[in-house]
1. Out of (1) part of a helix (DSSP H, G or I); (2) surrounded by fewer than 19 Cβ atoms within 10 Å (Cβ to Cβ), the odd one out for Leu107 is which?
2. Which condition from (1) modelled with pLDDT of 95 or more; (2) assigned to a loop (DSSP other than H, G, I, E, B) is the one that Val43 breaks?
3. Only residues in the range 10-30 that are at pLDDT 95 or above and surrounded by fewer than 11 Cβ atoms within 10 Å (Cβ to Cβ) count as the first member; pair them with residues that are not acidic (Asp, Glu) and not in a helix (DSSP H, G or I), Cβ under 9 angstrom, at least 6 apart or cross-chain, and list the lot.
4. Any residue in the range 52-59 that is among the β-branched types (Val, Ile, Thr), touching a strand residue (DSSP E or B) at 6+ places or on another chain (Cβ under 8 Å) and more than 21 Å from Leu73 (Cα to Cα)?
5. For the range 71-105, give me each residue that is without any contact (Cβ under 8 Å) to a residue 12 or more places away in the chain and not charged (D, E, K, R).
6. Could you say whether any residue in the range 114-121 is of a type in the set (Asp, Glu), in contact (Cβ under 8 Å) with a residue 12 or more places away in the chain and surrounded by 14 or more Cβ atoms within 10 Å (Cβ to Cβ)?
7. Across the range 71-104, what is the total count of residues that are surrounded by fewer than 19 Cβ atoms within 10 Å (Cβ to Cβ) and either part of a strand (DSSP E or B) or in contact with a strand residue (DSSP E or B) (Cβ under 7 Å, 6 or more places away or on another chain) (or both)?
8. Among the residues of the range 8-32, what is the count of those that are assigned to a strand (DSSP E or B) and not charged (D, E, K, R)?
Amino acid sequence: MTITIYGIKSCSTMKKAFAKLDELGVSYDFHDYKKQGIAKESVQRWVDKLGVGKVLNKRGTTWRKLSDEQKTLADADEDAAIELLLANTSMIKRPIVEGELEDKKILLCGFDEVTFDTTFS
């Protein structure tokens, strides 16, 4: 089983996800995209599979600080949204959990305890 959890270490939602994975005995690698950055291919893959509306966090302060023009462009153009996500990684909804579990591909976005229990138990 190879699982990677993507996010920002200091985020409270990430801490919940780490605790839940530890509780379930799931080993994982952590990728801090605030420190390590993130590949465009990864963000593109997440958007392709989950949709930009799921991956782009519009509830955070980074989104609110964008100009109306930037917000409008991100809403209208997926490529522009991806570029914004790459430039402002804190706008990527956390956590992103990706990998394989017993030959089953896993891709989760956001923390939901029931979903984690169902996926990893």
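1. The one condition Leu107 does not meet is (1).
2. (2)
3. Sorted first by the residue in the range 10-30, then by its partner, the pairs are Asp29/Thr2; Asp29/Ile3; Asp29/Thr4; Asp29/Ile5; Asp29/Gly99.
4. No.
5. Thr72, Leu73, Ala76, Ala80, Ala87
6. no
7. 4
8. Number of matching residues: 2.
The values are calculated or read from the model by the stated rules, or taken from the named source; none is laboratory data. What you see is a predicted model, and the numbers here were worked out from it, not measured in a lab. Using ideal geometry, Cβ is built from the backbone for each residue, glycine included, and neighbour counts are taken over all protein chains shown.
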